[in-house]
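Read the structure below first, then the notes.
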Amino acid sequence: MEKILLIKQLEKYPVFNLKKIREITGKTSGYAKLLVYRLKKKGLITEIEKNKLTTNNDPMVIASNMIWPSYISCWSALRYYNLTEQLPQDIFVITTKTRKKRIVKFNNIKIIFIRVRPKYFFGYRKERYGNFNIFIAEKEKALIDSALFKKISFSEICSIIKNNLNILDTKLFLDYLIKIKNKTLIKRFSFLFDKLDIDVYKKIKRFIDSKYVPLDYALPTKGKKDRKWRVIENAEL
């Protein structure tokens, strides 16, 4: 098969391996390896990591197709929805699978894999992105993931929510928080919603115990104690 025809076939796949090349060409493993070597040398394909190859140069496409199940979250998802103007240098990928290599660098972008328990793996959607599908967190889940895994300061998360409250689904937000059942997370977000005049107390009061938690995990634990939500106000909203 001519190289140009092979490349056209491979362009249909965001990420592929030697097995896929063997299937397309009908050749042996040795021949497929030789093809990969030659195509890499000509700059027609890129090796992402061992036995993971691509003709694509978009880190978002690569990140979403490296492992399954997985979805993109945190900064990259928030930027995708235009909830922030910051251009993320890292792409966080949530997965339930174990990987030997937690960080992969592609086109000067770090793709960082966060392994989670199945109970945290929800709240994502399939989106058409260029010529491929990607899996990405819902807006609300991207914000929750950012706090749950401490990838964005809670002060920044509060600012994003305040600036985009009109396009966020508060009910869905609370449903996701309750599904996770993380009391610390619930206290922090409930405190914020209360400050934004959104009544959530009846729905989440069973999760408010006597333990105080800092509002922002990225700042020193000093400040006024809010008795209703058991939050230490160590950040300005």
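The values are calculated or read from the model by the stated rules, or taken from the named source; none is laboratory data. It should be emphasised that the depicted structure is a prediction, and the values quoted were computed from it without experimental measurement. Positions of Cβ are generated from backbone atoms using ideal geometry, with glycine treated the same way; all protein chains shown enter the neighbour counts.
What the table shows:
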item	result
Any hit, the range 2-19, residues being hydrophobic (A, V, I, L, M, F, W, C), surrounded by 17 or more Cβ atoms within 10 Å (Cβ to Cβ) and farther than 26 Å from Thr98 by Cβ	yes
Among the residues listed as Leu215, Leu165, Leu172, the single one being out of contact with any Asp or Glu (no Cβ under 6 Å at 6 or more places or on another chain) and either buried (at least 21 other Cβ atoms within 10 Å of the Cβ) or outside the structural domain of Glu11 (by TED's automatic domain parsing) (or both)	Leu165
Filter result (within 16 Å of Asn133 (Cα to Cα) and either within 8 Å of the chain's Cα centre (by Cα) or surrounded by 12 or more Cβ atoms within 10 Å (Cβ to Cβ) (or both)) within the range 67-80	Ile67, Pro69, Ser70, Tyr71, Ile72, Ser73, Ser76, Ala77, Tyr80
Residues of the range 221-237 classified as touching a helix residue (DSSP H, G or I) at 6+ places or on another chain (Cβ under 6 Å) and at positive phi, total	1
Any hit, the range 164-180, residues being among the charged types (D, E, K, R) and free of Cβ contacts under 8 Å to residues at least 12 places away in the same chain	yes
Search result, residues across the range 200-212 that are surrounded by 10 or more Cβ atoms within 10 Å (Cβ to Cβ) and more than 17 Å from Ile232 (Cα to Cα)	Val200, Tyr201, Lys203, Ile204, Lys205, Arg206
Residue, nearest to Lys171 (Cα to Cα), within the range 199-224, restricted to residues that are aromatic (Phe, Trp, Tyr) and outside any loop (DSSP other than H, G, I, E, B)	Tyr201
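So that you can scan it fast, the table gives a plain yes or no per residue for (1) touching a strand residue (DSSP E or B) at 6+ places or on another chain (Cβ under 8 Å); (2) under 24 Å from Glu127 (Cα atoms):
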residue	(1), (2)
Ala32	no, no
Arg38	no, no
Ile45	yes, no
Leu83	no, yes
